[in-house]
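S.K.: My questions all concern the structure below.
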Amino acid sequence: MSSDLVPLLPKVSIGRRAAAFCIDAIAVWLPSLLLGNNPIVQTIFFVLLWMILRVPTVRKNQGQSLGRWALDMKIADSRYQRVPGVQELCKREGLLGICAALAFAGVGGLTSTNAAVLLLMLPLAIDCCMAFVDTARFPQAFHDRLGKTIVIGTKRGYSLDIKVRRLLDQVQTNVRR
């Protein structure tokens, strides 16, 4: 009987989570590129901006960062389904920010002749692969498990994915005519 009282939280696909991550990462990466050609300074600045975008902003914005707001999702504590605390967010976003910074350093190093820069993307790939193999209702990546968080859908946001899908449908129907 108690299971009847538990509200069902909306599930978010891994593709939408990846798109929200990319929106946030590009929003942080572009300003970090302005610091010049020193990759160490860019990486440190990336992680600092990442932590600002994904910890205090998320706490004040009901669990949503820029990317999550654009795609109608939020982060919640896995036990209480409320906005996670600062400590949980710092653990989660610290790991994810370092992995993202390494991946973007690898992307920035693709112009060099050293192909080993692709190894910098490996920590992010390993972190996110756990969500692909997780069979739970809310698949958790390693950073989600570390911070004890889940990503759930919400009605609060911009609905960018829906608007882009409608625009593409309109373009497709206009091309067919």
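S.K.: Of all the residues that make up the stretch 88-121, how many are over 22 Å from residue 56 (Cα atoms) and either modelled with pLDDT of 90 or more or in contact with a strand residue (DSSP E or B) (Cβ under 9 Å, 6 or more places away or on another chain) (or both)?
M.R.: 2
S.K.: Suppose we keep only residues that are over 13 Å from residue 144 (Cβ atoms) and among the hydrophobic types (A, V, I, L, M, F, W, C) within the stretch 74-86. Which one would you say is surrounded by the most Cβ atoms within 10 Å (Cβ to Cβ)?
M.R.: Per the stated criteria, the residue is 83.
S.K.: Checking residue 32 against (1) surrounded by fewer than 15 Cβ atoms within 10 Å (Cβ to Cβ); (2) modelled with pLDDT of 90 or more: exactly one of these is not met. Which one?
M.R.: Among (1) surrounded by fewer than 15 Cβ atoms within 10 Å (Cβ to Cβ); (2) modelled with pLDDT of 90 or more, residue 32 violates only (1).
S.K.: All but one of (1) in a helix (DSSP H, G or I); (2) touching a helix residue (DSSP H, G or I) at 6+ places or on another chain (Cβ under 6 Å) hold for residue 35, so report the exception by its number.
M.R.: (1)
The values are calculated or read from the model by the stated rules, or taken from the named source; none is laboratory data. Computed from a prediction, not measured in an experiment: that's the story for all the values here. When we count neighbours, we look across all protein chains shown, and the Cβ atoms used for this are built from the backbone with ideal geometry, even at glycine.
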